[in-house]
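One structure below.
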Amino acid sequence: MQSVFELALESQGSERTAKLLEKFASQLRATPRPQAGLTTPYANTIPVEQQPKYPGDWKTERRIKSLMRWNAMAMVVKANSTTNVGGHISTYASAATLYEVAFNHFFRGATENFPGDMIYFQGHASPGMYARAFLEGRLDERHLQNFRQELAEGGGLSSYPHPYLMPDFWQFPTVSMGLGPIMSLYQGRFNRYLQSRGLTNWNTEPKVWAFLGDGECDEPETLGAITLGARENLDNLIWVINCNLQRLDGPVRGNGKIIQELEGLFRGAGWNVIKVIWGSDWDDLFARDKSGLLLKRMEECVDGDFQKYCVEPGSYTRKHFFGKYPELLALVNHLTDDQIRKLLRGGHDTKKVYTAYKSATEHKGQPTVILAKTVKGYGLGEAGEGRNISHQQKKMNEKELREFRERFEIPVNDDVIAETPFYRPPADSPEIKYLLERRKALGGFLPARIVKDVKLDVPKLDYFAEFFKESRTEISTTTAFGNILRVLLRHKGVSKNLVPIIPDEARTFGLDVLFREIGIYSSKGQLYEPVDSQTLSFYHEAKDGQILEEGITESGSMASFIAAGTSYATHGVPMIPFYIYYSMFGPQRTGDLFWLAGDIRAKGFLLGATAGRTTLNGEGLQHQDGHSLLHASTIPTCLPYDPAFGFELAVIVADGLRRMYAEGEDIFYYLSLYNENYQMPPMPPGVEDGILKGLYKFKSGIENPHPASGGHPLPSDGRGAGGEGKKIKAHIFGSGTIIQSALKAQEILAEKYDVSADVWSATSYKLLRTDAIRCQRWNMMHPTESARKSYVENLLAKEQGAFIAVSDNIRTVSDQIAPWVPGGLFTLGTDGFGRSDTRARLRRFFEVDAESTVIGTLYALAEKNLIGREVVAQAIKDLGVDPEKVQPQLV
Ligand SMILES: Cc1ncc(C[n+]2csc(CCOP(=O)(O)OP(=O)(O)O)c2C)c(N)n1
Ligand SMILES: [Mg+2]
């Protein structure tokens with residue numbers, strides 16, 4: 001009997017039927033009913049009739065792939081037979097075809113006018129990439145032998161893609177799952193941005209490929225930003241999701257179908273979805289199944305069933321899968337159980353994968369996701385194919401090794417097989433010749449990180465001279481930064497390389513004036529007249545806009561920061577990202593991306609604005625940040641600074657530009673910016689070095705203006721440096737806005753307590769500490785040589801009295817240098833959760849206001865017996881501080 005569709009087609013023709021269907025669809029959409037899915041049948045998206053001829057010599061490719069499989073497996077098994085360093089076999093085993101088809105036919109290496117396709121390799125598949133590089137002759141046996149043993153003699157291979165550790169090889173770190181996907185999205189968009197701004201000279205656009213796991217799709221970073229791809233028409237982006245239906249512990253969706261779930265999501269987000277579910281062996285079965293029962297049966301099964309079919313013998317699948325319907329049993333009558341067991345999944349079928357890739361690379365207007373169904377641990381047999389333990393499989397016994405060898409025809413003899421020797425055919429073998437010829441035709445080896453030596457003509461320090469003068473009005477360091485940025489935008493050497501990145505906070509930071517000045521990048525330009533077009537800082541979008549206004553996504557903004565900050569390597573075009581955001585939503589929110597920025601050798605400036613637990617008044621517990629500097633301090637390549645004044649900012653930015661973009665250092669900067677206005681003082685002479693190193697004396701102690709009214713009782717035993725005629729000395733280290741508490745305390749201390757306190761600006765405790773540790777370690781290793789002294793030790797060596805630190809951060813930030821401060825460091829800080837209130841009340845609450853700083857200083861002096869304790873008690877009274885007040889930090 002003919003279906004309604006067939007009847008319509010016959011009587012109306014295809015065009016009218018299509019129109020009719022559209023009409024039905026829109027009527028259906030308007031009818032209240034349960035949500036219909038966005039999925040298509042559980043079958044290959046591209047029908048067999050549209051499959052192109054395979055251009056390669058697939059037999060040779062299969063041989064090559066088998067060698068990769070063997071060597072990748074051998075690398076992990078070998079490493080674990082001698083050491084317990086871990087490694088993964090089954091991820092690559094399931095993805096080998098997905099990679100090999102791309103390596104032989106799609107991935108293009110860098111050439112003169114082409115930066116190379118940008119490929120995010122799935123982290124756990126790294127043994128496969130090493131195995132390929134071994135066959136290509138880029139790595140030797142020693143490297144493979146030392147997989148995961150980087151500290152072994154002669155070096156080794158890093159566990160996963162880490163550009164920090166293998167800077168000539170890996171481009172993109174991917175192993176913290178979810179980060180590869182989101183970075184690839186923003187990389188695709190950043191490539192368009194560079195092109196739009198006329199900063200590329202490629203003759204053809206690079207593709208960005210991301211390979212990811214189906215389990216990885218549960219990470220919010222993986223799927224959370226996919227609409228960007230469709231919105232920006234990123235047809236330069238291809239994701240390949242290896243749907244082996246398993247993650248580490250077990251099935252990804254045992255009771256459902258991960259492929260269908262993902263298809264719905266991606267289609268809903270506007271992506272082109274290509275499903276590669278079944279291999280060529282099934283084509284004949286589908287062609288002969290006129291009843292549609294085969295598809296129906298597939299749709300009935302859940303992923304847990306499919307997993308079971310690949311661990312059980314063919315007889316099981318015959319009985320439980322095909323056996324449900326007599327018609328299906330008949331359909332596979334001609335197949336042996338073994339043939340049924342070997343019916344390939346699409347992701348293991350070279351031709352199906354090629355078909356999908358070709359279609360994806362040619363697709364216009366949308367990004368493509370390929371959902372490729374595979375078997376986890378494919379080829380490992382009982383050792384781990386499709387098992388729940390597959391992911392952790394690292395060892396294989398001799399029997400399993402022999403089976404593997406036989407299955408993939410590896411020429412390794414019985415007498416050595418237990419040692420899992422690596423195998424590379426001779427250079428003139430057909431396999432090696434083919435492999436090299438293919439890579440040559442495609443532009444060279446991959447992965448490869450090639451850094452061209454491109455330096456920028458960065459502004460010298462005197463370019464920033466205007467910031468070394470006193471400010472005309474009271475301004476915040478955030479405003480000072482905005483001014484520095486605008487001055488930089490006028491500098492010929494760097495202006496076009498600047499990339500301001502903002503997650504919807506430009507107005508908060510007073511940077512909205514940049515909208516008009518340099519425009520917000522939009523691939524579509526501006527299709528509407530902005531409501532504020534009459535104003536000075538109207539919302540100006542443009543195709544060549546310079547600002548990346550990301551909207552409310554700190555992860556996306558970090559991904560942009562990373563794409564821009566690595567442009568010197570990926571594009572040979574150094575770009576200077578200035579990512580400014582709400583400090584609290586920086587490393588705390590997206591810390592893993594900050595860490596990754598170090599690994600990937602990103603450069604640029606991160607600006608944690610509205611910083612400070614008490615400076616950001618009103619906002620309360622979730623907004624007031626007093627610990628980002630500590631987070632930032634944990635990243636080895638990050639230089640965290642907590643500047644107090646505009647001139648400090650200018651000195652740091654100027655030096656950062658020099659170090660990163662003229663000297664080529666792979667570092668990045670983290671600067672706290674505050675929103676409290678005060679007069680920016682002129683730069684004292686000769687402080688540049690101290691600013692950069694982390695500490696300098698900003699204002700020497702004030703002499704008591706009224707000597708007669710000063711004075712205080714000395715400790716009863718008369719010890720201490722505060723003898724007659726001598727001033728009591730103290731040193732207050734202040735950072736950021738809270739240096740104002742130190743400066744005010746300095747006055748009170750001189751006026752009321754006869755203490756001459758020097759105020760120092762502590763711009764970076766981390767850098768002071770790193771330097772001190774470096775010296776200390778050297779001394780430990782060279783105990784008989786004359787000891788080295790750190791910067792902070794030298795700086796403070798001759799200073800007398802007590803040392804106090806006060807900042808808008810938790811005490812641990814300043815405590816970092818305590819061991820190297822003569823006589824120790826007493827710290828005040830903002831430990832505890834924030835509160836909504838005024839600055840004054842918050843500072844009293846957290847004990848970082850001027851009065852608390854005075855008390856802290858007197859207490860530190862009393863602890864050293866430089867003054868009597870009753871002076872402190874009196875000050876507490878005089879200054880109106882309640883000694884029984886609540887302590888902010890309770891646990
Ligand atoms: C953020 C993060 N969480 C957890 C892990 C640990 N981990 C590594 S691989 C893996 C399972 C991966 O499953 P899937 O994404 O499906 O990849 P497959 O190996 O199956 O291809 C897990 C949990 C990680 N690397 N990163
Ligand atoms: Mg998986």
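The values are calculated or read from the model by the stated rules, or taken from the named source; none is laboratory data. Nothing here was measured: the structure is a model prediction, and the numbers come from that model. Positions of Cβ are backbone-derived with ideal geometry, glycine not excepted, and every protein chain shown enters the neighbour counts. In case anyone asks, the SASA skips ligands and DNA or RNA and just uses the protein heavy atoms, side chains included. Shrake-Rupley method; radii C 1.70, N 1.55, O 1.52, S 1.80 Å.
So, in segment 172-218, of the ones that are away from ligand 2 (no atom under 15 Å from the Cβ) and among the charged types (D, E, K, R), which residue ends up farthest from residue 99 (Cα to Cα)?
197
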Take residue 114 and tell me if it is touching a residue at least 12 places away in the same chain (Cβ under 8 Å) and within 16 Å of ligand 2 (Cβ to nearest atom). no
Answer residue from segment 210-230, given it is part of a loop (DSSP other than H, G, I, E, B) and more than 8 Å from ligand 1 (Cβ to nearest atom) and is surrounded by the fewest Cβ atoms within 10 Å (Cβ to Cβ) among those: 224
Please enumerate the residues belonging to segment 404-431 that are open to solvent by 80 Å² or more (accessible area, probe 1.4 Å) and part of a helix (DSSP H, G or I). 406, 407, 415, 430
Could you go through segment 694-704 and let me know if any residue there is open to solvent by 10 Å² or more (accessible area, probe 1.4 Å), of a type outside the set (Lys, Arg), touching a helix residue (DSSP H, G or I) at 6+ places or on another chain (Cβ under 6 Å) and assigned to a loop (DSSP other than H, G, I, E, B). yes
With the structure loaded, tell me whether residue 79 is modelled with pLDDT under 90, out of contact with any Ser or Thr (no Cβ under 6 Å at 6 or more places or on another chain) and hydrophobic (A, V, I, L, M, F, W, C) or whether it fails that test. yes
Determine whether segment 115-128 contains at least one residue that is more than 18 Å from residue 71 (Cα to Cα) and over 24 Å from the mean Cα position of the chain (by Cα). no
When you scan segment 370-389, do you find a residue that is out of contact with any helix residue (DSSP H, G or I) (no Cβ under 8 Å at 6 or more places or on another chain) and assigned to a helix (DSSP H, G or I), even just one? no
Taking the options 259, 238, name whichever one is β-branched (Val, Ile, Thr), within 25 Å of residue 90 (Cβ to Cβ), under 20 Å from the mean Cα position of the chain (by Cα) and away from ligand 1 (no atom under 12 Å from the Cβ). 238
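Among the helices (runs of 4 or more DSSP H) lying completely within segment 231-333, list those that include at least 2 residues that are within 16 Å of ligand 2 (Cβ to nearest atom) and surrounded by 15 or more Cβ atoms within 10 Å (Cβ to Cβ). Outline the logic, then answer.
Numbers: elements: 258-268, 281-288, 293-300, 303-311, 314-320, 326-331.
Where helices (runs of 4 or more DSSP H) fall fully within segment 231-333 and carry at least 2 residues being within 16 Å of ligand 2 (Cβ to nearest atom) and surrounded by 15 or more Cβ atoms within 10 Å (Cβ to Cβ), they are 258-268, 303-311.
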Subset of segment 67-96 (residues that are part of a loop (DSSP other than H, G, I, E, B), of a type in the set (A, V, I, L, M, F, W, C) and within 16 Å of ligand 2 (Cβ to nearest atom)): 89
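Within segment 751-852, considering only helices (runs of 4 or more DSSP H) that don't extend past its boundaries, which have at least 1 residues that are more than 18 Å from residue 641 (Cα to Cα) and in contact (Cβ under 8 Å) with a residue 60 or more places away in the chain?
Result: 791-796, 839-846.
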Whichever residue in segment 371-393 is farther than 27 Å from residue 354 by Cα and away from ligand 1 (no atom under 13 Å from the Cβ) and, among such residues, is surrounded by the most Cβ atoms within 10 Å (Cβ to Cβ): 383
Based on this model, can you work out whether residue 778 counts as hydrophobic (A, V, I, L, M, F, W, C) and open to solvent by 10 Å² or more (accessible area, probe 1.4 Å)? yes
